[in-house]
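A.B. asks: Below you'll find the structure I mean.
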Amino acid sequence: MTNDTLLRALAREPTDYTPIWLMRQAGRYLPEYNATRARAGSFLALARSPAYATEVTLQPLERFALDAAILFSDILTVPDAMGLGLFFADGEGPRFERPLRDEAAIRSLAAPDPADRLRYVLDAVREIRKALAGRVPLIGFSGSPFTLACYMVQGAGSDDWRALKSMLYARPDLLHRILEVNARAVTDYLNAQIEAGAQAVMIFDTWGGQLSHAGYEEFSLAYSRRVIAGLVKQAAGRRVPSILYTKGGGAWLEAMAASGCDAVGLDWTVDGASARARVGSRVALQGNLDPAALFAPADRLRAEARRVLDAFGSAPGHVFNLGHGIAPQTPVESVAALVDEVRTYSRKLRAAIQTNA
């Protein structure tokens with residue numbers, strides 16, 4: 001592989017600089033992405049076409065010196081494959097035609113065969129790997145069992161997830177049934193991505209931070225742990241690292257680090273230095289610039305990038321990322337400045353350490 005810096009950082013091995021990739025790096029902030037989506041006709045048509053998914057996955061790599069590609073897809077492909085009827089309403093985001101409110105529907109829920117119902121995703125992974133030709137690693141991903149359940153029960157995004165939380169407190173048995181199926185489905189899906197060529201995988205627990213302290217362990221982390229335990233750990237003679245990210249999960253950092261994952265993704269509310277002190281060298285850490293910093297003047301953005309790098313330090317095991325995904329209105333030139341600053345400044349940090357050693 002031409003550039004395996006990300007994989008070495010996730011393995012907590014020394015690297016010449018801090019690798020960087022960005023959540024939602026292939027997305028609406030790029031004019032070329034918007035042009036491709038317009039040709040596809042809709043987001044779902046874009047995501048369901050391996051050719052289009054490959055095209056947009058590669059687009060940010062043509063602009064920026066990023067250290068990884070991440071599969072272009074959506075976390076809701078799994079519940080869609082379960083028959084819930086995913087669609088996107090204009091200006092309203094994703095919705096399901098048949099949210100899980102009926103006990104009989106929940107009892108009959110089954111994990112889909114990814115080789116059948118999600119073949120288009122696996123075809124995209126294979127096509128992207130071929131197109132990358134060893135340039136950088138490819139990251140596969142899924143939503144966490146809990147985050148998927150949020151949408152499956154609520155039927156759409158929500159400020160308070162009232163339907164989901166009503167089930168959690170009134171009928172926890174039904175929610176556990178959904179989560180058990182989701183854990184099987186996510187494990188199978190990620191393993192299928194690994195078999196198709198994904199070289200690292202990430203679990204997006206976007207809504208785990210909405211839970212109570214006790215609820216996070218019972219309804220979110222316990223099921224992410226099951227997924228991680230069931231993942232294929234080696235492929236093509238190399239470890240396939242797993243990254244667990246919970247937005248709003250800073251309070252549970254130690255528990256996440258003990259989940260079996262190789263790296264923990266951090267949102268922007270967590271201090272990098274304290275995070276490293278809390279988990280030591282047990283896992284790599286990924287993050288965690290506030291995405292809003294990309295709207296700042298270039299000098300302030302670069303200063304914020306240096307602040308994040310200084311907080312994590314130059315010890316092995318840091319992957320630079322945002323604390324959440326890129327906002328659609330982000331200036332392209334800000335992303336270029338960020339990538340440049342991370343690469344340049346982290347090299348200087350390592351050079352200074354070697355000089356003083």
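A.B. asks: Assuming residue 222 fulfils every condition listed in (1) surrounded by fewer than 20 Cβ atoms within 10 Å (Cβ to Cβ); (2) closer than 17 Å to residue 278 by Cα; (3) aliphatic (A, V, I, L, M) apart from one, which condition is it?
C.D. replies: The failed condition is (2).
A.B. asks: Same structure again: I'd like the residue in the stretch 34-56 that is farther than 18 Å from residue 127 by Cα and at pLDDT 95 or above and, out of all such residues, is surrounded by the fewest Cβ atoms within 10 Å (Cβ to Cβ).
C.D. replies: Per the criteria, the residue is 38.
A.B. asks: If you go through the stretch 27-57 one residue at a time, how many are over 20 Å from residue 139 (Cβ atoms) and in contact with a Ser or Thr (Cβ under 7 Å, 6 or more places away or on another chain)?
C.D. replies: 1
A.B. asks: Here's a check for you: in the stretch 258-282, which residue that is in a loop (DSSP other than H, G, I, E, B) and in contact (Cβ under 8 Å) with a residue 60 or more places away in the chain is surrounded by the fewest Cβ atoms within 10 Å (Cβ to Cβ)? Even if it seems obvious, please write down each step before you answer.
C.D. replies: Step one: list which residues in the stretch 258-282 are in a loop (DSSP other than H, G, I, E, B), which gives 258-262, 266-271, 280-282.
Within this subset, residues satisfying the condition of being in contact (Cβ under 8 Å) with a residue 60 or more places away in the chain are 262, 281.
Values: 262: 22, 281: 10.
Result: 281.
A.B. asks: Filter the stretch 204-237 for residues that are more than 14 Å from residue 260 (Cα to Cα), of a type in the set (A, V, I, L, M, F, W, C), in a helix (DSSP H, G or I) and free of Cβ contacts under 8 Å to residues at least 40 places away in the same chain and give the result. Talk me through it step by step, then tell me what you get.
C.D. replies: First, the residues of the stretch 204-237 that are more than 14 Å from residue 260 (Cα to Cα): 204-220, 234-237.
Next, from what is left, pick out any that are of a type in the set (A, V, I, L, M, F, W, C): 204, 207, 211, 214, 219, 235-236.
Among the residues that remain, those that are also in a helix (DSSP H, G or I) are: 214, 219.
Within the stretch 204-237, just 214 meets the criteria.
A.B. asks: Next up: When you scan the stretch 88-113, how many residues do you find that are loosely packed, with under 13 Cβ neighbours inside 10 Å and either touching an Asp or Glu at 6+ places or on another chain (Cβ under 7 Å) or on the phi < 0 side of the Ramachandran plot (or both)? Before the answer, list the steps.
C.D. replies: Taking the stretch 88-113 as the starting set, the residues that turn out to be loosely packed, with under 13 Cβ neighbours inside 10 Å are 89-93, 97, 102-104, 107-108, 110.
Add one more test, that the residue is either touching an Asp or Glu at 6+ places or on another chain (Cβ under 7 Å) or on the phi < 0 side of the Ramachandran plot (or both), and what stays is 89-90, 92, 97, 102-104, 107-108, 110.
Qualifying residue count, the stretch 88-113: 10.
The values are calculated or read from the model by the stated rules, or taken from the named source; none is laboratory data. These figures come from a predicted structure and were not determined experimentally. Note that we place each Cβ from the backbone using ideal geometry, even for glycine, and neighbour counts take in every protein chain shown.
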